[in-house]
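Okay, structure first, notes after.
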Amino acid sequence: MEGNSEHEGGGPDVADAASAPVRRLHPGLGDLAGPPSFWHFHYLYHQALRIIRQITRPRRESESRLQRGLLILGILLISLNLRPALASVGPLVESIRGATGLSNAALGLLTTLPLLAFGIVSALTPLATRRLGTEGALAAALSLVAVGTLARAAPSTAPLFGGTVLFGVGIALGNVLLPSLVKRDFPEHSGVMTSLYSSGIGAGAAIGAGTTVPLAGALGWRGALGAWAVPAVAALLVWLPQLRAGAPARASYNIGDSLRALARSSLAWQVALFMGLQSLTFYIALAWLPGFLQARGFDPAAAGGLLALSQVMGVAGSAVVPTWAARRADQRRTICLLALVEGTALAGLAWPGAPLASLWVSVLGFVLGGTFGLALLLLVLRAADAETATELSGMAQSVGYLVAAAGPAVFGLLHDLTGGWAAPLALLAFALVAKTAVGLRAGRPGQIRPGR
């Protein structure tokens, strides 16, 4: 079931190439002179152009470069819509509590309910793709995100929770299908494409966290929550042309048998637990970082701004780590480095008074974004083909998000019970140790090959 395999190749080393004679890099530019930093930038610029040309190159005779570009744009827009609805809750916790009287545990459910939807729906996603095709299932995902997000603007508590469940189902479909789409359509560029869409997810979270408070000032907190239906509709319109090219594919194997075989894979479980534990930390930070910072003396706008800063740094982490990690078959060294940096950031935030909060929030955001991107990359690298990628993604995100779903509510409950932050922060430390332990096994070279 599991076997060693070579993954995405690394190409030339950037530092070596940057220091090489420019005539070796670009013979036509050999008469130019400049400091090494100029040639380094020049090399990276041309490498970026080369990658863009490669990922937009049609894979089929019937496909044009424009169609390929629209597919990449569609993937990016879908990724941008997978987090704003979640990230917009944290900065508005105090406003929601004041208007509805909800407890900390109930407010934690506004983040936990989507995670429960992720856990329940993710494993069923292969059934949706069998009926609708990958492209059709992604269109349905965007529709659910738009409708569920808009429902939260209704003047009642019930639609607030009902809409949260609805867009949670839509996000779950998008979460599972993007890795399998990358495996199917960009097998030679899995690191680059994972960096692209995982950083898009992080960018969506940053935009949601950073603009929700100003939106609430203009529209009220309900209007600010419902406004995120607009970009979901825009993404759906851009994605619609893909439906003509994506006819539903009939599986040539029994999905149930394949999922049962996948469940017997220790590697699949290690990938799933790594996904879950990194998600647990991420969603706790998303839901409770503003409240934690307000308890340290920051006003709501400043706390929301720091949450946005963490998400922006998460975009950088998501953009860098998957591309870097995909250059090697073994990701264990990357996992150890990320764990060390995360532990340092948590210790800095736990220090009394949280000095240098901006620094520690930035570092934490970068490492959480990088770990998230790495978890998504493992779904691609550890799967032997696109069908396995869909199933592994569904299983890993189902199990993983069920683990993560408890995070925000348990974190809030520990805070309620103790009246302080020591016990909640100890939960994050425990999650870090457990995540590193399973990551060292999930990061070993190998692929999952359920019987077909």
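The values are calculated or read from the model by the stated rules, or taken from the named source; none is laboratory data. Everything numeric here is computed off the predicted structure, so don't read it as measured data. Note that we place each Cβ from the backbone using ideal geometry, even for glycine, and neighbour counts take in every protein chain shown. The accessibility values were calculated without ligands, DNA or RNA, using every heavy atom of the protein model including side chains. Shrake-Rupley method; radii C 1.70, N 1.55, O 1.52, S 1.80 Å.
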*asked:* Residue under question is LEU92, and the condition is that it be open to solvent by less than 50 Å² (accessible area, probe 1.4 Å), in a loop (DSSP other than H, G, I, E, B), at pLDDT 85 or above and of a type in the set (A, V, I, L, M); does it hold?
replied: no
*of a type in the set (A, V, I, L, M, F, W, C), farther than 22 Å from ALA406 by Cβ and open to solvent by 10 Å² or more (accessible area, probe 1.4 Å) - does that describe any residue in segment 105-126?*
no
_With assigned to a helix (DSSP H, G or I) and in contact with an Asp or Glu (Cβ under 7 Å, 6 or more places away or on another chain) as the only criterion, which of LEU267, LEU359 stands out?_
LEU267
*Just a yes or no: is a residue in segment 360-383 surrounded by fewer than 21 Cβ atoms within 10 Å (Cβ to Cβ), free of Cβ contacts under 8 Å to residues at least 40 places away in the same chain and of a type outside the set (Lys, Arg)?*
no
*asked:* Quick check on my filter: what residues within segment 188-198 are open to solvent by 20 Å² or more (accessible area, probe 1.4 Å) and either under 10 Å from the mean Cα position of the chain (by Cα) or modelled with pLDDT under 85 (or both)?
replied: GLU188, HIS189
*Cβ-Cβ below 6 Å, separation at least six or inter-chain, first residue in segment 75-90 and closer than 20 Å to PRO290 by Cα and polar (S, T, N, Q), second open to solvent by less than 10 Å² (accessible area, probe 1.4 Å) and assigned to a helix (DSSP H, G or I): which pairs?*
SER88/GLY208; SER88/THR212; SER88/LEU225
_With the requirement that a residue be open to solvent by 50 Å² or more (accessible area, probe 1.4 Å), within 12 Å of GLY191 (Cβ to Cβ) and part of a helix (DSSP H, G or I), what does segment 305-332 give you?_
VAL320, TRP324
*Among ARG97, ARG83, which is among the charged types (D, E, K, R), closer than 26 Å to LEU306 by Cβ and surrounded by fewer than 24 Cβ atoms within 10 Å (Cβ to Cβ)?*
ARG97
*Filter segment 323-366 for residues that are within 24 Å of THR194 (Cα to Cα), of a type in the set (A, V, I, L, M), at pLDDT below 90 and out of contact with any Pro (no Cβ under 9 Å at 6 or more places or on another chain) and give the result.*
ALA325, ALA326
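So that you can scan it fast, the table gives a plain yes or no per residue for (1) modelled with pLDDT of 85 or more; (2) closer than 30 Å to ARG260 by Cα; (3) within 20 Å of the chain's Cα centre (by Cα):
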{"site": "VAL321", "(1), (2), (3)": "yes, no, yes"}
{"site": "LEU368", "(1), (2), (3)": "yes, no, yes"}
{"site": "LEU381", "(1), (2), (3)": "yes, yes, yes"}
{"site": "GLY394", "(1), (2), (3)": "yes, yes, yes"}
{"site": "GLY400", "(1), (2), (3)": "no, yes, yes"}
{"site": "VAL403", "(1), (2), (3)": "no, yes, yes"}
*Pairs where the first residue, in segment 319-341, is touching a residue at least 24 places away in the same chain (Cβ under 8 Å) and the second is of a type in the set (Phe, Trp, Tyr) and open to solvent by less than 30 Å² (accessible area, probe 1.4 Å), C-beta under 9 Å, 6+ apart*: VAL321/PHE372; ILE335/PHE274
*Return the only residue of ALA431, ALA409 being at pLDDT below 90 and open to solvent by less than 50 Å² (accessible area, probe 1.4 Å).*
ALA409
*Considering segment 67-91 alone, what residues qualify as being touching a Leu at 6+ places or on another chain (Cβ under 7 Å) and closer than 17 Å to ARG152 by Cβ?*
ASN81, LEU86, ALA87, SER88, VAL89, GLY90, PRO91
*Enumeration of residues in segment 135-174 that are open to solvent by 10 Å² or more (accessible area, probe 1.4 Å) and of a type outside the set (A, V, I, L, M, F, W, C)*: GLU135, GLY136, SER143, PRO155, SER156, THR157, PRO159, GLY162
*Mind listing whichever residues of segment 266-284 are among the small types (Gly, Ala, Ser) and either open to solvent by 20 Å² or more (accessible area, probe 1.4 Å) or at pLDDT below 85 (or both)?*
SER266
